1. Just by accessible area at a 1.4 angstrom probe, what is the order of A:Val148, D:Val16 from largest to smallest?
2. Between the label point of F:Ala40 and that of the same position in each other copy, find the distances and list them shortest first in nm, with every label point placed 7 Å from Cα along the Cα-to-C-beta direction.
3. Rounded to the nearest 500, what is the 222 nm mean residue ellipticity of chain B from helices alone, with -39500 (n - 2.57) per DSSP H run of 4+ residues and division by all residues?
4. Around C:Pro198, what is the net charge, scoring Lys/Arg as +1 and Asp/Glu as -1 over all other residues with Cβ under 13 Å from its Cβ?
5. Mind pulling the angle between the C-alpha long axis of helix F:121-132 and the longest principal axis of chain F? Nearest 10 degrees, somewhere in 0 to 90.
6. Cβ under 14 Å from F:Ala189's Cβ, F:Ala189 left aside: what net charge do those residues give with Lys, Arg +1 and Asp, Glu -1?
7. Work out the mean other chain Cβ neighbour count within 10 Å for the residues of C:98-111 and drop it here as an integer.
8. Tell me the relative contact order for the stretch E:99-202 as a rounded percent, counting alpha carbon contacts under 8 Å between residues six or more apart.
6 protein chains.
Amino acid sequence: MTGTLFVINPNSSDTVTEGIAEAIAPLRNLPAPVTCLTLAEGPPGIESQAQADETIAPMLALAARLEPEAAGYVVACFGDPGVHALRDRTAKPVLGIQEAAVATALTLGQRFGIIAILPASIPRHLRSLGAMGVLDRLAGDRALNLGVAELADPDVTETRLIETGRALRDLDGAEVLILGCAGMARYRATLEQALQIPVIDPCQAAVAMLQGRIALDQTHRPGGG
Amino acid sequence: MTGTLFVINPNSSDTVTEGIAEAIAPLRNLPAPVTCLTLAEGPPGIESQAQADETIAPMLALAARLEPEAAGYVVACFGDPGVHALRDRTAKPVLGIQEAAVATALTLGQRFGIIAILPASIPRHLRSLGAMGVLDRLAGDRALNLGVAELADPDVTETRLIETGRALRDLDGAEVLILGCAGMARYRATLEQALQIPVIDPCQAAVAMLQGRIALDQTHRPGGG
Amino acid sequence: MTGTLFVINPNSSDTVTEGIAEAIAPLRNLPAPVTCLTLAEGPPGIESQAQADETIAPMLALAARLEPEAAGYVVACFGDPGVHALRDRTAKPVLGIQEAAVATALTLGQRFGIIAILPASIPRHLRSLGAMGVLDRLAGDRALNLGVAELADPDVTETRLIETGRALRDLDGAEVLILGCAGMARYRATLEQALQIPVIDPCQAAVAMLQGRIALDQTHRPGGG
Amino acid sequence: MTGTLFVINPNSSDTVTEGIAEAIAPLRNLPAPVTCLTLAEGPPGIESQAQADETIAPMLALAARLEPEAAGYVVACFGDPGVHALRDRTAKPVLGIQEAAVATALTLGQRFGIIAILPASIPRHLRSLGAMGVLDRLAGDRALNLGVAELADPDVTETRLIETGRALRDLDGAEVLILGCAGMARYRATLEQALQIPVIDPCQAAVAMLQGRIALDQTHRPGGG
Amino acid sequence: MTGTLFVINPNSSDTVTEGIAEAIAPLRNLPAPVTCLTLAEGPPGIESQAQADETIAPMLALAARLEPEAAGYVVACFGDPGVHALRDRTAKPVLGIQEAAVATALTLGQRFGIIAILPASIPRHLRSLGAMGVLDRLAGDRALNLGVAELADPDVTETRLIETGRALRDLDGAEVLILGCAGMARYRATLEQALQIPVIDPCQAAVAMLQGRIALDQTHRPGGG
Amino acid sequence: MTGTLFVINPNSSDTVTEGIAEAIAPLRNLPAPVTCLTLAEGPPGIESQAQADETIAPMLALAARLEPEAAGYVVACFGDPGVHALRDRTAKPVLGIQEAAVATALTLGQRFGIIAILPASIPRHLRSLGAMGVLDRLAGDRALNLGVAELADPDVTETRLIETGRALRDLDGAEVLILGCAGMARYRATLEQALQIPVIDPCQAAVAMLQGRIALDQTHRPGGG
């Protein structure tokens, strides 16, 4: 196995990309080096299906440029825009952060909860979970309902994350939580300590699974490429 | 209700668009006039998720140009690429042909079968049906497995459609069939006669449902635009 | 296509039938003329499975009398009593208002809520939704819990509809609502404005879909009668 | 517990009723006496949803006459016509033979197969199984496809039952079979011996469960009647 | 049919075994005599999957000793530990109390609620219900959340049972309740009277179904042993 | 992260354990060292639920002895006996090979097929998949149907694996295959080459996921042990 594991953040926020890089640091070189990239053509944040879908074409183009040096790809937007499309274009392993977080959650508790940023994300999540066929394992999906200014304040965000996670745990029956966004990893450990149930950062989940796949040379198209 | 019902064929084949226009002719002006358009930026045919996803951005741009005169939109590619994205951009009613065909099939028999053009389309269909939450109603999804030359021959295609539909009916238990493609409407009546179960052309299903929605002024975002 | 689309109200309340006629007025002659009929043998209101089932035999008899002039039938009782039985007796298109409302809701939001008149209706609804295979799309089903006197007061009813719909939207996550009764169409627009999510009147949904089917000459038994 | 367990055969065939009586003989007086009755108003055989639904009103009337001496009721038609309606009319325990057979099958193997008389029965079965929420446990539902003359010949019927059961076991993965009809009990033991998997007669399953309910005085409406 | 129906309580509490014996008294000799046994090697109470699994080997050993005189077995721990294992070891009929309670509940209301002793039991229940394929019928599963001292106080327990059952009925929509434990039968009738919906004791449900199976000589392995 | 990742083979075959050790060699020290152990108390092979369940108590005892030096545990028997029980006993990460293989398969194709050794394993698999809530993703589960002598012959086994995998791919629609046994890893690459779809060895899948979890210090019980 040679090559780099590329994590593509399809929004254009370098701050989010830096947060991802920090989150996945413990997984670097296990076995592949990891590079986190920002999609320049992406919107500052992905808040709708339209915005998500519009990142696909430039993401595919970016991946095509990375292909010679790639060991595999993570698409780092909850909702997994373009993941199946990228699988059509490369034989190398590809993971979306939502599917990886859910696959991980299935082995950490009987019902998982998702913490969404915005209420409008929830129908998108439900469509993805339905396509994955795992709705029976969903305890609930609740949104933070914070405005931009509030999200910029870490204390407000942390407080709201704990409140939302507590509702998922106590009212909906979640035994494990998924952070429904690429940029929240810094709150993961605090939230886990506060609620005493596992909390999954989806970028970590995806990079962890992809590293294993790279180590095993396991791809979705044998003999491809 | 004023404005035109636009049917957008996201592949670039005018022949397919003409076939759609012919298929939906009985639904014109009930109540809205209908115009069928070809997406110039689309591929000649949509054979992969990547190709489907790449049509979304230009399709959204086309719809934005049509918006002032639109009564509503049908996206005429089985798989419904961009349908949810378009709903983010307009308050006018939007339907995909797959979702409309499935919604129609639910009321014509207990289990529906889908006739796919290519085997590679089937996983895409299954993801969409999972997202729709209707997999318990699926009898089966079988591909024609015809090459380009064979598809160009109407007699070969018709024979293969009947064979495939018969397998769905007799081996899989389908009581109603869906043509899993925008360009097959000309075979619908023949297939229905041969197999004696209802056969749904998805473009007809979508335009029929959308005309009703236009007549009722029913949209997905009340008070929108 | 010739003939009349008959909407059969299986309860004996002419007031309900008149409300239906008013609700579906925008769909008349698109393409078929529509006639709304009251089932004289029905109970004043259908409040139990026993009452629903007892309407089937006289409804089938009425439909048999209408058959020569019928283009198709809508059975206008939420719960769809006798819809499958009527399909056994005629080759002409038949729709129940519950199945049509649900099929419509599937394309207007990811999860739908149902507003029931009585708590006792909810298990009936759940059985029908289970038979339709669409329970994964149900956000919730909540009853108005109003007595006869209160239901006769439009202001009380409207207030309670909005409260119930708000609970379905805010507590259960519904993105679209279905009025779970044939006689509530007059409140549809008000409710939609108040809650800002689509609200479906099931009689409108059924007539809209059936008009499309009549226009396309699409039936559930090709070559039938 | 006093009173008689009434088994109502909603078709008008006394031969079928006699076969039921013979089948449930081992369950008599455990604890209640059992009387098997023919519904005079029923059709000679129930072959469609329309025929099934038309038995409900006279069946309810018959049950009303039996009510003073009844300990409980079994409705002995696969498809369970009128079972929920009868529960609306009596507080005494009521079971349909399809629901009881399925409940029993759930504890005898992971996937059950159903042997239907007619292909047209299968969609009815699927609707009931969907309403019961147990479709994930269904291996398959296959019809005997025998004409009236052939069904009258026990040797032909037995041979065809074994062929159909073998297909359910070997092709569909059934670990337990359900006879999808009230009149086949005489073949149960032979079929079970031939295939070496459990075979359930639905009338036996219903009477067995109902006897337990009568012994426990367990009803669906506490404090009723 | 000869032999005794053995009910094995896999915890080591004779008080629980006595409660079971009292609960199933109305089912004795209908047709088989019933003997309730305590598993000496079991823990005082089963509160985790580990404890449940550790009872299996000694329970199988006990059943092997009982085999010559057994007509069938009930494993009397909600969660059904070892039920499938015991079916591997005997051809005689075997039922778990959870599966029997659920099978019974399916015919007493559209959605059932479960009253668990401990919150930690709920994921175990959900796994079993998922394996049974009946999650669509579950209204909710709520725990009593009582400590040992409180559970020892019948008045406190009864009050809390009613509160929990009311939440399942009124907030979750349960039409029928299941006592999620082998030792609560003494509260069944009171709870049923208080809430006016059926309440199932799982040991009663299992013995009732097994008596029917014994009467019919119905086993899971025809021709076995 | 310190400690060893222990893979426990709950059958007593050292040959199987050696095969596992070879299979997971590419995952050693990424980051944890891996030790594969045989459960001396296990049966030579696990062919029934009873045998699987009887391994749990000694497996828990073995894990208790390993606990001081453990970084985490894989239970290497398809069917995952004792996995939830072990989670009750340790806060360290625990994975079963079936759940890990399935979680992996969810991201490699829309429908997965399972190759079972014995037909009798299939109901066990189905119960586990039902408990996992992923049955909608299952294409099929087919057994090799080889006797002991034939399984000892690698050529016969390989030929039969390819035949079985081809049936899962071509008749059942599997896009990815899972080897339903701990001892088949040596055939993985050949099978993948022959069928041109991904083939998952479940031990590899479990060790890969667990290594990621160890690297991230992600457990199922935060703050535990």
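1. Numbers: A:Val148 125, D:Val16 35 Å².
Of A:Val148, D:Val16, the descending order of accessible area is A:Val148, D:Val16.
2. 2.7, 6.5, 8.0, 8.0, 9.0
3. Working: 10 runs with 99 residues, N = 225.
-13000 deg cm²/dmol, from helical runs alone.
4. Working: positive: B:Arg87, B:Lys92, B:Arg213, B:Arg221, C:Arg111, C:Arg169, C:Arg188; negative: B:Asp217, C:Glu175, C:Glu192, C:Asp201.
That sum, taken over residues with Cβ under 13 Å, equals +3.
5. Compared with the principal axis, the helix lies near 60 degrees.
6. On the way: positive: F:Arg186, F:Arg188; negative: A:Asp217, F:Glu22, F:Glu158, F:Glu192, F:Asp201.
Neighbourhood net charge equals -3.
7. Values: counts 0, 3, 4, 0, 3, 10, 6, 1, 8, 17, 9, 3, 11, 4.
Rounded to a whole number, the mean comes out at 6.
8. Working: 167 pairs, mean separation 37.0, N = 104.
Once divided by the residue count of the stretch E:99-202, the mean separation gives 36 percent.
The values are calculated or read from the model by the stated rules, or taken from the named source; none is laboratory data. Note that this is a predicted model, so its numbers are computed, not measured. Quick reminder, even Gly has a Cβ in these numbers, built from the backbone with ideal geometry, and neighbours come from all protein chains shown. We work out accessible area using only protein heavy atoms, side chains counted, and drop any ligands, DNA or RNA first. Shrake-Rupley method; radii C 1.70, N 1.55, O 1.52, S 1.80 Å.
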